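> I have a structure I would like to understand better, so I am pasting it below and will then ask my questions one at a time.
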Amino acid sequence: MTEIIDGNAVAAEIRDGLGDAIATLKAEGVTPGLATVLMSDDPASETYVSMKQRDCEEVGIDGIHVELDPDAPAAELYDTVADLNDDDAVHGILVQMPLVDQVDTRRVLRSVAPEKDVDGFHPENVGRLVAGNARYKPCTPHGIQKLFEHYDVETEGAEAVVVGRSDIVGKPMANLLVQKAPFGNATTTVCHSRTADLAAHTREADIVVAAAGVPGFIDGSMLKAGATVIDVGINRVDADTEKGYELVGDVDYESAKEVAGKITPVPGGVGPMTRAMLLWNTVKAAGERAGVEVDL
Ligand code: NDP
């Protein structure tokens, strides 16, 4: 029987655990603070940021939201990040991507103080992750490792295929999977749009992590029986719903479910884990900043 990996349930458990850590911090006079910065009028980005703020409120993290005019000069964003770096009430800074054209995204990623970079995208933090000494693991791959942990997915010695090589999902996921560490030690292949025969790789995989942003393109015929299938994709496709669209993953869930041993649904799989791990990184940042040991 295929096991459905319930990201909502695992994320709720993680958030409950964070409640205890936040109480410990508050008893020491520290309230974790997460700043979100939005410089875009992309409706999806607006939704993501408001969800992150709501998450903060629910667990007792101070949410500080800065919204910049998408037509403002890039300097406004650079100055905002500099101010947040200097603000002692802010332990984590998240600049919502993608940014408007006039902004140099790499400059922004470099300008967030590494110890406040709860996304884990600053070059120093990327380097530390690759070296096996991560300060903050990027939220999506970290959340996937938590799913492996909760669902007893054996990564050691497994053949893992990551589909996608983005800096925010594919590459950090592959880096974590190859590490000599718990929920690593997998023999890891990274596939992308130039991979000659994707199915030849996925069919050999004990673990497939799909992060390509192509709706439903990995189907059951491309999977090995019993494989663990982690669907990162969140794609809007036209549908006869109130909003006029629905969200689907990169995996064709119905056919994949017939073959996989364990599988994440979309929605309700990886998405809630990404959100929970942002809170997790923020609490970690607050504890380290304050010199208070928190149990995470
Ligand atoms: P990017 O567009 O940055 O990267 C997509 C990657 O997939 C690229 O490396 C690309 O290859 C590869 N790719 C595209 N088409 C194919 C194909 N047909 N076959 C093989 N590889 C292909 O996307 P992101 O990594 O940012 O996001 C991926 C998906 O995950 C999106 O749907 C996004 O919305 C979702 N997402 C979900 C999150 C969550 O919490 N659940 C968090 C972040 C993202 P190449 O490099 O050659 O172009």
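Read-outs throughout are calculated quantities, based only on the coordinates presented, and are distinct from any laboratory measurement. Just so we're clear, the structure is a prediction, and the values are computed from it rather than from any experiment. Virtual Cβ from ideal backbone geometry, glycine too; neighbours counted across all protein chains shown.
> Where the centroid of each part is defined by its Cα atoms, how far is the stretch 240-275 from the stretch 172-194 in Å?
22
> Between residue 296 and residue 86, what length in nm is gained on full extension when 0.36 nm per residue of separation is reduced by their alpha carbon distance?
That works out to 73.0 nm of additional length.
> Cα axis of helix 43-59 to longest principal axis of the chain: angle in degrees, 0 to 90, nearest 10?
70
> Calculate, for residue 241 and residue 149, the FRET efficiency according to 1/(1 + (r/R0)^6) with r their C-beta to C-beta distance and R0 35 Å; round to the nearest 0.05.
0.55
> Across bins of 10 angstrom width beginning at 0, how are the C-alpha pair distances of the stretch 1-44 distributed, in whole percent?
21, 25, 30, 20, 4
> Evaluate the distance, in nm, between pseudo-label points positioned 7 Å from the Cα of residue 44 and of residue 65 along their respective Cα→Cβ axes.
Spacing of the two 7 Å Cα→Cβ label points: 2.0 nm.
> Oh, and also: Pairs of lysine in the chain with Cα under 14 Å and at least 8 positions apart or on different chains: total?
Pairs that pass both the separation and distance tests number 8.
> Okay, moving on. Consider a paramagnetic label point 7 Å from the Cα of residue 75 along Cα→Cβ; state which residues of the stretch 102-124 have an amide N under 16 Å from it.
Only 102-104 pass the distance filter.
> If you don't mind, there's one more thing I want to ask. For the stretch 139-272, what is Rg from Cα atoms divided by 2.2 N^0.38 Å, rounded to two decimals?
Dividing the Cα Rg of the stretch 139-272 by 2.2 N^0.38 Å gives 0.99.
> Another question, then. What is the stretch 101-209's relative contact order, in percent, from Cα pairs under 8 angstrom and six or more apart in sequence?
23
> Percent of alpha carbon pairs in the chain separated by more than 28 Å?
Within the chain, distances greater than 28 Å cover 39 percent of Cα pairs.
> Could you line up 26, 224, 116, 180 from fewest to most neighbouring Cβ atoms inside 10 Å?
Sorted ascending by nearby Cβ count, the order is 180, 26, 224, 116.
> If you don't mind, there's one more thing I want to ask. Counting pairs of alpha carbon atoms under 8 Å apart in space and at least six apart in sequence, what relative contact order in percent does the chain give?
This gives 22 percent for the chain.
> Relative to the first principal axis of the alpha-carbon coordinates of the chain, what is the inclination of helix 139-150, with its axis defined by its Cα atoms, in degrees from 0 to 90 and to the nearest 10?
Once rounded, the angle reads 60 degrees.
> As a test of the formula, what do you get for the chain when each DSSP H run with n ≥ 4 contributes -39,500 (n - 2.57) and the sum is divided by the residue count, at 222 nm and rounded to the nearest 500 deg cm²/dmol?
-12500 deg cm²/dmol
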